[in-house]
1. Could you work out the equivalent-ellipsoid semi-axes for region 24-93, taking the square root of 5 times each eigenvalue of the Cα gyration tensor, largest first, in whole Å?
2. Using Cα pairs closer than 8 Å and at least 6 residues apart in sequence, work out the relative contact order for the chain, in percent.
3. In debye, nearest 20, what is the charge dipole magnitude of the chain about its Cα centre with +1 on Lys and Arg Cβ and -1 on Asp and Glu Cβ, if you could check?
4. Using the Karplus curve 6.51 cos²θ - 1.76 cosθ + 1.60 with θ = phi - 60°, work out ³J(HN,Hα) for each residue of region 40-57 in order, rounded to whole Hz, and write x for Gly and Pro.
5. Among 102-110, 81-89, 42-50, how do they line up from the highest to the lowest mean number of other beta-carbon atoms within 10 Å?
6. Amide H of THR67: which non-local residues (sequence gap of 5 or more, or other chain) have their own amide H closer than 5 Å, using H built in the peptide plane?
7. To one decimal place, what Kirkwood hydrodynamic radius in Å is obtained for the chain from all pairs of distinct Cα atoms?
Amino acid sequence: MLQRRPSSAVRWSETISFRTYVLIGAGLVILQALVLLAMGQPPVCACGYIKIWHGVVSSPENSQHLTDWYTPSHIIHGFGFYFALWWLTRNAPMSIGLRLVLAIGLEVSWELLENTPLIIDRYRQSGLAQGYAGDSMINSVFDTLSMVLGFALARVLPVWVIVTLAVSMEVVTGYIIRDNLLLNIIQLIYPTEFISNWQLGK
């Protein structure tokens, strides 16, 4: 017969409701938006309107609307954060709510770092990012929400489906725009002229 764990053994993260974690996560996203505005990033595209999708990478409106060709990379962030946090806490299980908040915190931190002059200048060394000036506030917020979508999908879908989705998104974006999460990471860490020339079709 199974015995219930003593109340003293209940993990503290499980004593907090999932709704509370969602509210904390929402607060982090709101903080992200406010900090980006304080950093001087525009709230929306300078064009004066908001599009659900913008598909032209080499244009001033890239990373300015709700979604674009880089949205899949943020969904993959969610996949990665879910499995990384699961693996790190497999011997000391953590509530899904706390893991979600940690994932949002990681994504928000990256979004803020990504829009600093250091990272913007680094991106500009890539062929596709010449003239890049950072994200609009609304684009950055939707990047974080895309990560949350990826996290949620990783929670409910089989591992093989998540792996298939991640590989498919990388292949499709790599084929269509000659860029994806993997190439983005390579060009950020160690920009190469060969990749830049290939991305520009030279």
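1. Rounded to whole Å, the semi-axes are 30, 18, 9.
2. Details: 232 pairs, mean separation 57.6, N = 202.
Taking the mean separation of contacting Cα pairs over the length of the chain, I get 29 percent.
3. Numbers: 12 positive and 12 negative charges, 159 e Å.
For this selection, approximately 760 debye.
4. Listing the rounded values in order: x, 6, x, x, 9, 4, 5, 5, x, 9, 10, 10, 5, 9, 10, x, 9, 5 Hz.
5. On the way: 102-110: 19.9, 81-89: 16.1, 42-50: 12.8.
With the highest mean Cβ count within 10 Å placed first, the list reads 102-110, 81-89, 42-50.
6. Answer set, sorted by chain and number: TRP53, HIS54.
7. Values: mean 1/r = 0.0546 Å⁻¹.
The answer is 18.3 Å.
Values in this text are rule-based calculations from the coordinates and carry no lab data. Everything numeric in this text was worked out from a predicted model, so none of it was measured. As a convention, Cβ positions derive from the backbone with ideal geometry for all residues, glycine included, and neighbour counts pool all protein chains shown.
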